[in-house]
Amino acid sequence: MALPRAGVKNERGWPLAGRLAAIPGGYVLASLAVACLARLLPIARVEAVTIAMLAFFALYAVLLIWAFAARSVLRLWLWMGGASLVLGVTLAVSILLGGRA
């Protein structure tokens, strides 16, 4: 039987399901980040998309690792939701202001 880490309460119930749900949540967050990156990089369109897509794989892997290393499922989802909101607003403003087409 494994003992809980010091300072971490022993969560029961839905933590594994909450962390597994980070798979689609991480995909959405990484996709929004890549879309913002591709639109805002000041280089040729093809190169910006290529760099952004390569960054997607690294970012998605880091997000998944972080989802299982986070101390709290609630903190994980609040952070991912807040970051997705900021990136979504940034992408929407970029599209509305006529950034890279």
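The values are calculated or read from the model by the stated rules, or taken from the named source; none is laboratory data. As the structure is a prediction and not an experimental result, all values here were calculated from the model. Just so you know, the surface numbers come from the protein's heavy atoms only, side chains and all, with ligands and any DNA or RNA stripped out. Shrake-Rupley method; radii C 1.70, N 1.55, O 1.52, S 1.80 Å.
Within this structure, Ala6 fails the test of being assigned to a helix (DSSP H, G or I) and either open to solvent by less than 90 Å² (accessible area, probe 1.4 Å) or at pLDDT below 95 (or both). All conditions in (1) under 30 Å from Pro15 (Cα atoms); (2) under 13 Å from the mean Cα position of the chain (by Cα) hold for Val73, with the sole exception of (2).
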